[in-house]
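For reference, the structure is listed below as structure tokens.
Bear in mind these aren't lab numbers, they're just calculated from the coordinates by the rules spelled out. This structure is a prediction, so every number in the text was calculated from the model and none was measured. All Cβ positions, even for glycine, are placed from backbone atoms using ideal geometry, and neighbour counts span all protein chains on display.
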Amino acid sequence: MRASQRARGEDVDLVDALLSADERRRSSSVRFDELRSEQKQLGKLIPKASGDEKADLLKRAGELSAAVKAADAAQDEAADETQRLLLKLGNLVHPDVPVGGEDDFTVLETVGTIRDFEAEGFTPRDHLELGQLLGAIDVERGAKVSGSRFYYLTGVGALLELALVNAAIAQATEAGFVPMLTPALVKPRAMEGTGFLGQAAENVYHLEKDDYYLVGTSEVPLAAYHMDEIVPAERLPLRYAGFSPCFRREAGTYGKDTRGIFRVHQFDKVEMFSYVDPADAEAEHRRLLDWEKQWLTGLELPFQVIDVATGDLGASASRKYDCEAWIPTQGKYRELTSASNCDEFQARRLSIRMRDGKHVKPLATLNGTLCAVPRTIVALLENHQREDGSVRVPEMLRPYLGGRDVLEPVAG
């Protein structure tokens, strides 16, 4: 655990503080049990005693009563401290994950061919300019109504989102996922149990008056769906595809991706989520990645697959693969999807277990983005644009856009 914390760039001393608190919890529990046992024995002796002996026993009973209350309070305090520190710890990092920060990832694979716009004889427009030409994106009115990093999808932009969502759900359903429309507001335990109230808390919207949290991903309600349940092993794997609005503060990103809709406060997303036997978690992780690759290949986007470094995993993932699509006007690959193996981390915190014969044990949870809508629109517009400002529609998406093969600029 210390090595894992060190690799994440997190507080290593937290492990020793947790061990110390847990030792206090154990010793105070033993002390409480000893005092309660003595108290019970004393309770049996008092009715049989008389005179001075009874007076002494009653005096000792009073002392024991106070000691038991103090021991009980100490036990509860140590247990609360242990749990508080335990919830601060991230998941154990997989030993094969590259160590380092955001830029220390390992490229596992590169898929597709990057267009040479210079050879084609024109300079590519960015997604915002294309979105405005198509009458698809309105960030000015989004800012007027809601502030920076908000937007409207209008006309063909709204149709493009619906097409993407329907295509993603169709792919997920074909792969055996149960489609789900999930709550956008969750209780604190759901958010904490999935690991989003630790280092990620600064990006979470909290409604203090009601003590609800706005989810940043449907991973949260999907993970909490089987909270406090025991799932029969023969029902595994359980796979859900959640569609939901997502809300993120984007704290710490001042000045980054301020143009357009790449980094926004509210967006829609289709998320895959799996409950599996821990023995099958790594294989399921690869399957989630393969489904993401199938999706991006179908959209005819050039992308690379990276093994995310330890310092950029987030609290709940033991290993994470990102698919990054090429964004022509930025001249680099940018994250479109993530697939995370959380092993037993979330299941333990949310008390989700599996029953295998007579044995009950935590199961494993995994999640994978299939379509984060705004970023996918960014990649589609920029990679499939034509010189006149129109945008070619990938063949896979055409049935979901009324048969359109091209998005045309609007007049005026």
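From most to least packed by mean Cβ count within 10 Å, the peptides 216-224, 184-192 give 216-224, 184-192.
The alpha carbon radius of gyration of segment 106-407, expressed as a multiple of 2.2 N^0.38 Å, is 1.01. Using only side-chain charges placed at the Cβ, +1 for Lys and Arg and -1 for Asp and Glu, the dipole size of the chain relative to its Cα centre rounds to 1280 debye. Summing Cβ point charges (Lys, Arg +1; Asp, Glu -1) relative to the Cα centre of segment 2-86 gives a dipole of roughly 320 debye. The local environment of ASP307, defined by Cβ-Cβ distances under 11 Å, has a net charge of -3 under the rule Lys, Arg +1 and Asp, Glu -1. Put the Cα centre of segment 156-226 next to the Cα centre of segment 89-104 and the gap is 24 Å. Placing a pseudo-label 7 Å from each Cα along the Cα-to-Cβ vector at SER29 and ALA158 gives an inter-label distance of 5.7 nm.
For THR217, neighbours were defined as the other residues whose beta-carbon sits under 9 Å from its Cβ, and their charges (Lys and Arg +1, Asp and Glu -1) total 0. A Förster distance of 30 Å, applied to the separation of the beta-carbon atoms of ALA175 and SER351, puts the FRET efficiency at 0.60.
A dipole drawn for the chain from +1 and -1 charges on Cβ atoms has a positive end, and of TYR254, PHE150, ALA66 the residue lying farthest that way is ALA66. Remark: spin-label model distance ASP290-LYS187 equals 3.8 nm, labels positioned 7 Å along the Cα→Cβ axis.
Scalar couplings 3J(HN,Hα) for segment 324-336, obtained by applying the Karplus form with A = 6.51, B = -1.76, C = 1.60 to θ = phi - 60°, are 10, 8, 6, 10, x, 6, 9, x, 7, 7, 10, 4, 10 Hz; x denotes Gly and Pro.
Taking +1 at the Cβ of each Lys and Arg and -1 at the Cβ of each Asp and Glu, which of MET354, SER218, VAL305 sits farthest along the dipole of the chain towards its positive end, judged by Cα position relative to the Cα centre? Among MET354, SER218, VAL305, the one farthest towards the positive end of the dipole of the chain is MET354. Subtracting the Cα-Cα distance of LYS358 and GLU63 from 0.36 nm times their residue separation leaves 101.7 nm of extension gain. Remark: the ILE230-GLU250 segment gains 3.6 nm on full extension, using 0.36 nm per residue and subtracting the alpha carbon distance. Using the rule -39500 (n - 2.57) for each DSSP H run of four or more residues, divided by the residues of the chain, the 222 nm mean residue ellipticity is -12500 deg cm²/dmol. Expressed as an acute angle from 0 to 90° and rounded to the nearest 10, what is the orientation of the C-alpha long axis of helix 51-86 relative to the principal long axis of the chain? The answer is roughly 10 degrees.
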